[in-house]
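Read the structure below first, then the notes.
The values are calculated or read from the model by the stated rules, or taken from the named source; none is laboratory data. These numbers come from a predicted model, not from an experiment. Here the Cβ positions follow ideal geometry from the backbone for every residue, glycine too, while neighbour counts run over all protein chains shown.
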Amino acid sequence: MLKKNYERMHNEIVFVELCKNQPQILQHPKLTFFKDYLTSLGVTLPTATFGAKNFAQSGDTNTDTNKPEDNAQSSNDESEPESEVELDMEGVIEPDLTDESQTMGDSAREVTDEERDQSDEKRTEAMRAFSEQQFDEAIKLYSEAIQLNPQSALLFAKRGQVYLKLNKPNACIKDCTRALELNCDSAAAYKFRGRAYRLLGKFEEASHDLCESLKIDYDDQTNEWLNEVKPNAERLRQHKLSAQRKKEEKEHREKVRRARKAQEARARAAHAREADSRGSGAGAGAGFPGAGAGFPGGFNPQDFSNLLFDQEIMAAFQDPEVAAAFQDVSSNPANFIKYQNNPKIAAVIEKLQNKLGKGGAGGPFSGGFPGFGGAGGPGAGAKPPTDDDVGLD
């Protein structure tokens, strides 16, 4: 019975360690019987309430728990949606649809001098139509000029200007983008594309293009358009910086939280290993019936712990006969007489003495098992008196 109790001690030690580290586990509904028992003994239990999120549904306490501050922070992150930026949208128009008649020409083909001259004539006519506010005619003439000379950045920028007058910002952006592909220093292309972005409410893009245009060639109208979009562009810039800062802070908090959880997990694992080690020691002790005070003559706990992990000794005690003999002697030291002539038991005693190196006086087995040859034991000297000798001295 005692041996079986020892063998169950490992789980009990682990459970006690768990209660020390997480006292709130005692509030678990499945441990009500144990809580009632402790209360009946006059034990004051922690007042913390059991939280369902702190345990798995199966009652397994190995599930990681979230600290209140972690939960609060997560709630704050989830309850703070991205705020809208208040912008002045006056002057913003609906985007135009794709214009299939907006020909772009073949920029890869070779342009002859004759075609270039004809293109210049068409450009002159288009500029005249534009000045007369005949915008559709100007678009037609610029398109003809582009077909003759698709490598002219100026033609695309000028047609983009006409599209801007017609409130077709997307068509303007398409032309100005092609102009910048042909000539990255086209101030006119940056200027008109920047204005088109402003009409679409793309204030940051508008600010960029207008600034680039002013860098290449200062123009009063361009500067006026830039001042018009600056307030909205700055609000958007600050909003993005704030969002980026919040994102970085959230990532930092998450990194710290993961590091803390990893540290806590390592600490729990260390506690579990420590408890398991102690539990293994207690369980191994059950294999040595009578260990400690049960050995006649006393037993050094440190010496005993050295034996717990000796495979040869533990293998010997797996023999039911050896285990039963030691259990019998530990229960009643006088029973050693029954085993004094048993070579198997004597061999185990000798192994114990050799492992500890304490076969002489003062060792844990010196006289601990009389009759087994330990130094100081009766087996080292005269034999026990026989029945025939009793009363004859």
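Can you tell me which residues in segment 116-147 are crowded, with 18+ Cβ neighbours inside 10 Å and touching a residue at least 40 places away in the same chain (Cβ under 8 Å)?
Passing the criteria: SER143, ILE146.
Given the conditions (1) surrounded by 15 or more Cβ atoms within 10 Å (Cβ to Cβ); (2) over 31 Å from the mean Cα position of the chain (by Cα); (3) modelled with pLDDT under 65; (4) farther than 30 Å from SER331 by Cα, which single one is not true for LYS35?
The one condition LYS35 does not meet is (3).
So which pairs qualify, if the first residue must be in segment 22-46 and more than 25 Å from ALA267 (Cβ to Cβ), the second must be surrounded by 10 or more Cβ atoms within 10 Å (Cβ to Cβ) and at pLDDT 70 or above, the Cβ gap must be under 7 Å, and the two must be at least 6 apart or on different chains?
Note: pairs meeting the criteria are LYS35/LEU26; LYS35/LEU45; LEU38/LEU45; THR39/LEU45.
Just to verify a result, which residue in segment 251-280, among those that are more than 13 Å from the chain's Cα centre (by Cα) and of a type in the set (S, T, N, Q), is modelled with the highest pLDDT?
SER277
Go through segment 212-245 and count every residue that is without any contact (Cβ under 8 Å) to a residue 60 or more places away in the chain and within 32 Å of the chain's Cα centre (by Cα).
The qualifying residues number 7.
Of all residues in segment 103-130, which are assigned to a loop (DSSP other than H, G, I, E, B) and hydroxyl-bearing (Ser, Thr, Tyr)?
Scanning segment 103-130 gives THR103, SER107, THR112.
Scan segment 225-250 for residues that are modelled with pLDDT under 90 and more than 24 Å from SER83 (Cα to Cα) and jot them down.
None; the set is empty.
Search segment 174-198 for residues that are within 13 Å of PHE156 (Cβ to Cβ) and pair each with any residue that is among the basic types (Lys, Arg) and surrounded by 24 or more Cβ atoms within 10 Å (Cβ to Cβ) when their beta-carbon atoms are under 6 Å apart and the residues are at least 6 apart or on different chains.
Cβ pairs passing all conditions: ASP175/ARG159; CYS176/ARG193.
Taking the conditions exactly as written (modelled with pLDDT of 70 or more, under 30 Å from ILE139 (Cα atoms) and not in a helix (DSSP H, G or I)), does GLU100 satisfy them or not?
So GLU100 passes the test.
State all residues of segment 212-229 that are in a helix (DSSP H, G or I) and either surrounded by fewer than 16 Cβ atoms within 10 Å (Cβ to Cβ) or not assigned by TED's automatic domain parsing to the domain that holds GLN161 (or both); if no residue qualifies, say none.
LYS215, ASP220, GLN221, ASN223, GLU224, ASN227, listed by residue number.
Give me a count of the residues in segment 1-20 that are in contact with a Lys or Arg (Cβ under 7 Å, 6 or more places away or on another chain) and at pLDDT 70 or above.
0
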